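Here's the structure, in C-alpha cells; my notes come after.
The values are calculated or read from the model by the stated rules, or taken from the named source; none is laboratory data. Everything numeric here is computed off the predicted structure, so don't read it as measured data. As a convention, Cβ positions derive from the backbone with ideal geometry for all residues, glycine included, and neighbour counts pool all protein chains shown. Each accessible area value is taken on the protein alone, full model and side chains, heavy atoms only, with ligands, DNA and RNA left out. Shrake-Rupley method; radii C 1.70, N 1.55, O 1.52, S 1.80 Å.
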Amino acid sequence: MDSSPADTPARPVAPLAPNQSSPDKNAADMDNPQPDTPPNQPPVPPQAATPANHRKVPAILAIIVLIALMAGTGWVVYNRYFRQSAAPKTTKVAKTTRKSPARKTKAAASSSSSEKASSSSKSYNTQLYDEVQAAVNQTMGQIPGDNSVFVSASDELHLKHFVQNNRPQRAASIIKIFIMVTAFAKAQNGDLNLADTYTVAGADKVSGTGDMQNMPDGTPLSYRQVMDHMMEKSDNMAANVMIDYLGGLDVVNQEIKKLGFPDTVLERKMMDTDALAAGKDNMTSVQDLGDALTLINNGKLISKEADNQMMAIMKNNQNHEKLPAKITNATAIYNKTGEFGQYGVENDAAIVQGDRHVFVAVVMSQNGHSGEQIEAESNLGEKLSHILLDAN
C-alpha cells in the first residue's frame, strides 16, 4: 500500500466472490493491520506513536517537584531547629536599682527635684529663673576671681535649677560636708557606729579652726560628738580624726564617688602643708554641693533619718557671715562654709527654710578678695531670700 505503481509490476486480478477477501489485501493487513473502513469513508490515518523523549517529560517534572519539596522541607527544618539551637542564648537581666549613685540616681533626682513639679505642669517658672539670674549677675557677677553659683528651690516654685560656671574649685573646709556624708553613709550600711568612743590624743592635734586641739589628752568623745565639732566650728582636728575613723582618704573618696559626686575629691588632711606644697588639694563644685544639700533637704541622700541628723548638725554651724548674713525672713538656716585666704577662697553652701518655701544656694569663689567676696555672697543670700521665700 505504501509502494508506488511504478515500482510494482502489473498482474491480473480475478473477480472477487462475495465475502471473499483478496489475498494481497490480507497479506497487506497482516503486515500493517487497519480497522475496517466503512464504505465510502476515507481511511483513518494511523496514530503516531508517542516518542520516548515525550514520555520521559512527566517523570522528570515529578522528580524536580519532589526535589524542590525535599529542599524546602530541609530548609525549614534547618532554620527551625539547627540554627535556633546554634544561636546564642540571651538571658534577661533583672533591672537593679542602686541605692546610689547620687549623680545618676539620687543626684539626678536632686537635679530634677524642683523640675518634677515643673514637668508635671509642662513648664518652668521662667520669670523666677530670670530673677535668680539677675540677682547672681548683680552680686557675684560684679567681683573678680573664679565665681560659681548653684540655686535650687522647693518643687512648688517650679524653678529650673540655676547653675553658673560649674567646675571643680578649691573646697577649703566646705569639704567637711562630704566627710560627714561619708560617715552617715557608712553608719547606715553598718560599717561603723558613730557612738563609738574616740580618746583625744596629742598626736592628732593640728592648728587652725576648732577647739579640740585645746582639749586635754585622754578626753573621751563619741564620733558623733567629733563630727559635731567638725561641722559646728569647722574643727580641723575633728576632720582628721573622722578621716582616720572612716578608713583614710581613699575610702572617703570611694564613698563620694559611689554616691555620685564626680567633681569632689579629698586629697589631703586638714593643715597638711606638705601635701599642699606637692600640689594636692581638696576639690569640689557647686553642682556636687548643691545636689548633696538638695537631696539632704528632701531626705533622699542616705535615709530620711540620717539626712535629718545631718541637717540638725548643720543648723548649729556658727559661721553665718556669708549667704545667711542679711537674710531676715528665714525660719531656719543650715550651712557650711570654707575659707582659704592664701588662695582667696570664700565658699558657702546653705539650705534656707521659710514659712512656705525652701531654697538651696551654693557659692564658691577663689582667686578673689575676701571682703568683696563676703559682701557679694551676703547680698546674694538676701536677694534670693526675697525672690524665693516670698514668692507667691
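A few remarks follow.
- Solution diffusion estimate, µm²/s, Stokes-Einstein, segment 308-392, Kirkwood Rh from C-alpha pairs, 10 °C, viscosity 1.306 mPa s: 122 µm²/s
- These residues, D196, D217, go from largest to smallest accessible area, 1.4 Å probe, as D217, D196.
- Radius of gyration (Cα atoms) of segment 248-391, expressed as a multiple of 2.2 N^0.38 Å: 1.09.
- Cβ crowding within 10 Å averaged over residues, with 307-317, 236-246 ranked highest first: 236-246, 307-317
- With 28 Å as the limit, the listed pairs K257/K304; K176/K258; K176/K304; K205/K300; K160/K233 have K205/K300; K160/K233 beyond it between alpha carbons.
- Put the Cα centre of segment 219-234 next to the Cα centre of segment 328-388 and the gap is 24 Å.
- Counting Lys and Arg as +1 and Asp and Glu as -1 over every other residue whose Cβ lies under 11 Å from the Cβ of H369, the net charge comes to -3.
- Projecting label points 7 angstrom from Cα along Cα→Cβ for Y343 and I63 puts them 9.1 nm apart.
- Extents of segment 176-265, largest first, come to 38, 26, 21 Å (Cα atoms, principal axes, whole angstrom).
- Backbone N within segment 235-259 under 14 Å of label point (7 Å from D204 Cα along the Cβ vector): 235-248
- Partner aspartates and glutamates for K280 [C-alpha distance under 20 Å; skip if fewer than 8 residues away on the same chain]: D146, D244, D250, E255, D263, E267, D272, D288, E339, E346
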